[in-house]
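As structure tokens, the structure follows; a few thoughts come after it.
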């Protein structure tokens, strides 16, 4: 296998691992503090309405459900994680892949919170950075914690995947 193909497989694996880290963080919050996990079915609903030309909703939770929206949402969640990992690897370069360090991964994870703040939450009818939610500060902190967990996952899976491959 070529070095380029191996690097691509490595980055995809790091993205999967970082996304899994985010999900494990959400599971911990659910079990330890009874904090609800993100609802990726709503992501699937949002995506399933796009072919009909609906990209924004006044309240995504009140929009009628679509078939397979949960499956689509979970697949999208992991595909977004892989895409973020590819973007991170492109920015951080091969040196980071060879010698992963925490700070670049953590900073990138924190920066990825801009996607839900400025794309998903407004499209779901929640306003920019959850400004229309009953407790925007709580929602923002949860998003920030989740994306920080993603950054930590990039760092944790960087050397792990490198060791396995």
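Within segment 1-25, the residues that satisfy the criterion of being farther than 15 Å from residue 97 by Cα, in contact with a helix residue (DSSP H, G or I) (Cβ under 7 Å, 6 or more places away or on another chain) and crowded, with 19+ Cβ neighbours inside 10 Å are 19, 21, 22. Residue count for segment 118-146 under the criterion of being surrounded by 14 or more Cβ atoms within 10 Å (Cβ to Cβ) and either in contact (Cβ under 8 Å) with a residue 40 or more places away in the chain or assigned to a loop (DSSP other than H, G, I, E, B) (or both): the result is 12. Here residue 83 meets each of (1) more than 16 Å from residue 15 (Cβ to Cβ); (2) within 15 Å of the chain's Cα centre (by Cα); (3) in a helix (DSSP H, G or I) with one exception, condition (1). Summed over segment 33-46, residues that are without any contact (Cβ under 8 Å) to a residue 40 or more places away in the chain and either surrounded by fewer than 16 Cβ atoms within 10 Å (Cβ to Cβ) or in contact with a strand residue (DSSP E or B) (Cβ under 8 Å, 6 or more places away or on another chain) (or both) total 5.
Cβ-Cβ below 7 Å, separation at least six or inter-chain, first residue in segment 154-165 and touching a residue at least 40 places away in the same chain (Cβ under 8 Å), second loosely packed, with under 15 Cβ neighbours inside 10 Å and part of a helix (DSSP H, G or I): which pairs? As it stands, the answer is 155/102; 165/6; 165/9, since those pairs meet every condition given. Inside segment 105-117, residues that are in a helix (DSSP H, G or I) and within 30 Å of residue 59 (Cβ to Cβ) make up a count of 7. Taking segment 26-45 as the range and being in a helix (DSSP H, G or I) and out of contact with any helix residue (DSSP H, G or I) (no Cβ under 6 Å at 6 or more places or on another chain) as the test, the residues that pass are 26, 27, 28, 29, 30, 31, 32, 33.
If the requirement is being at pLDDT 95 or above, closer than 17 Å to residue 7 by Cβ, in contact with a helix residue (DSSP H, G or I) (Cβ under 9 Å, 6 or more places away or on another chain) and in a helix (DSSP H, G or I), which of these qualifies: 61, 89, 76?
Just a single option satisfies the conditions, and that option is 89.
Sort out which residues of segment 94-104 are in a helix (DSSP H, G or I) and in contact (Cβ under 8 Å) with a residue 60 or more places away in the chain, and write them in order of number. Give the derivation first.
Going through segment 94-104, the residues in a helix (DSSP H, G or I) turn out to be 94-98, 102-104.
Answer for segment 94-104, where residues must be in a helix (DSSP H, G or I) and in contact (Cβ under 8 Å) with a residue 60 or more places away in the chain: 94, 96, 97, 98.
Note on segment 47-58: residues that are in a loop (DSSP other than H, G, I, E, B) and loosely packed, with under 12 Cβ neighbours inside 10 Å total 4.
The values are calculated or read from the model by the stated rules, or taken from the named source; none is laboratory data. Please read all numbers here as calculations on a predicted model, not as lab measurements. Positions of Cβ are backbone-derived with ideal geometry, glycine not excepted, and every protein chain shown enters the neighbour counts.
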